[in-house]
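See below for the structure under consideration.
The values are calculated or read from the model by the stated rules, or taken from the named source; none is laboratory data. If you're wondering where the values come from, they're calculated on a predicted model, not measured in any experiment. As a convention, Cβ positions derive from the backbone with ideal geometry for all residues, glycine included, and neighbour counts pool all protein chains shown.
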Amino acid sequence: MKRIMTVLLVSTLLYAQNGKTLFEKYCISCHTPFIPMSKLKENFLEYNNTLLKLKAPTLNQLSYRLKQRIGNPRGDEDMHRMEVTAFMSDYVRNPNKDKSVCLEEIIKHFKTMPSLKGKVKEEELEEIGTYLYDFDKKVLQEKSVQYENFDTALQKAKLNHKIVMIKAMSERCHFCLKMDSEVLIDKEVIKAIEKDFIPVSIDVSVHILPLGLKAQLTPSFIFVDENAKIIMNVPGAWNKQDFISLLKEAKNKSKDKR
Ligand code: HEC
């Protein structure tokens, strides 16, 4: 097992770039790399795939879904990457919709994937697996609202008369990830945050919250004014429209307190 892990670690480093090239060679003709989840929902649930006319699930959909449904998402990451890669690698050679882990509402729009048996090598599939596994996280980081640490955020809030928005989250919380991938990367939401707020993200399974704050649930959104007074502490996950309303409410309450 130790040897497998070492090989895996070395390969993770080597594979990162190669995986992208191989994905582009073998898979991109059908699998679009990235479309935001909110847009995908609209396309599949409201428009019957007539909006985007996709040929297959997107790479961010596959990455999100496979990681959620295959193996143990809460266990060791390298182990999990291997489990997800094994599933993918088998699927590509022996596709069968009965094995699918995608949602029925999504998969019903597609014919079964043609088998790539004999066309892609085992080693190549491993490289693609690494790329697929890490894709979601990487894209999320790039596109997400950018967080500050609390002390910097409070200073910036004082300077620019803004509100500190603390997202109390945990790596293992499903609804946090859902909000990260559906709401906190939405352009309109990011614009609303950047206008009036300084965002902070704190993993409460690892760190304590500042100002003696407590979060009942993850995620919770806690709004703190420039004088470090708490405006609101709201538990729960939100969709885009409700989250934008929540931001407005926090903004209005902060005005009342002045
Ligand atoms: C000719 C088009 C085409 C190509 C090329 C293609 N796929 Fe697919 N793939 C599909 C379609 C369509 C589906 C959805 C239907 C299904 O699950 O069979 C799919 C589904 C999948 C699934 C299953 C997801 C699930 O659980 O439902 C995986 C994994 C996958 N593709 C990986 C890949 C990888 C990796 C490559 C490149 C090595 C690739 N595909 C190349 C069309 C394609």
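Give me the residue from the stretch 72-84 that is within 21 Å of GLU124 (Cβ to Cβ) and out of contact with any Ser or Thr (no Cβ under 7 Å at 6 or more places or on another chain) and, out of that set, surrounded by the most Cβ atoms within 10 Å (Cβ to Cβ). This residue is VAL84.
Within the bounds of the stretch 47-57, is there any residue that is modelled with pLDDT of 90 or more, in a helix (DSSP H, G or I) and within 16 Å of the ligand (Cβ to nearest atom)? There is no residue in the stretch 47-57 that is modelled with pLDDT of 90 or more, in a helix (DSSP H, G or I) and within 16 Å of the ligand (Cβ to nearest atom). For the stretch 62-72, the condition holds for at least one residue, the condition being that it is within 16 Å of SER181 (Cα to Cα), hydrophobic (A, V, I, L, M, F, W, C) and either outside the structural domain of ARG172 (by TED's automatic domain parsing) or modelled with pLDDT of 90 or more (or both). Out of the stretch 74-96, which residues are more than 8 Å from the ligand (Cβ to nearest atom) and under 21 Å from the mean Cα position of the chain (by Cα)? ARG74, GLY75, ASP76, GLU77, ASP78, MET79, HIS80, ARG81, MET82, GLU83, VAL84, THR85, listed by residue number.
Restricting the first member to the stretch 97-116 and to residues that are among the small types (Gly, Ala, Ser), and the second to residues that are more than 6 Å from the ligand (Cβ to nearest atom), the beta-carbon pairs closer than 7 Å and six or more apart or on different chains are SER115/ARG93; SER115/ASN94.
Looking only at residues in the stretch 205-224 that are in contact with a Ser or Thr (Cβ under 8 Å, 6 or more places away or on another chain) and buried (at least 21 other Cβ atoms within 10 Å of the Cβ), the one that is farthest from LYS162 (Cα to Cα) is THR218. The residues listed here are ARG81, ARG93, ARG69, ARG65; of these, the one that is more than 20 Å from CYS27 (Cα to Cα) and basic (Lys, Arg) is ARG69. Scanning the stretch 120-156 for residues that are under 23 Å from the mean Cα position of the chain (by Cα) and among the polar types (S, T, N, Q), we see that the one that is nearest to the ligand (Cβ to nearest atom) is THR130. I'd like the residue in the stretch 223-244 that is assigned to a helix (DSSP H, G or I) and more than 14 Å from PHE197 (Cα to Cα) and, out of all such residues, is nearest to the chain's Cα centre (by Cα). For the stretch 223-244, the residue satisfying everything is LYS240. Filtering the stretch 168-200 to residues that are of a type in the set (Lys, Arg) and assigned to a helix (DSSP H, G or I) leaves LYS178, LYS187, LYS191, LYS195.
For the stretch 97-114, the criterion of being away from the ligand (no atom under 11 Å from the Cβ), out of contact with any helix residue (DSSP H, G or I) (no Cβ under 9 Å at 6 or more places or on another chain) and in a helix (DSSP H, G or I) is met by no residue.
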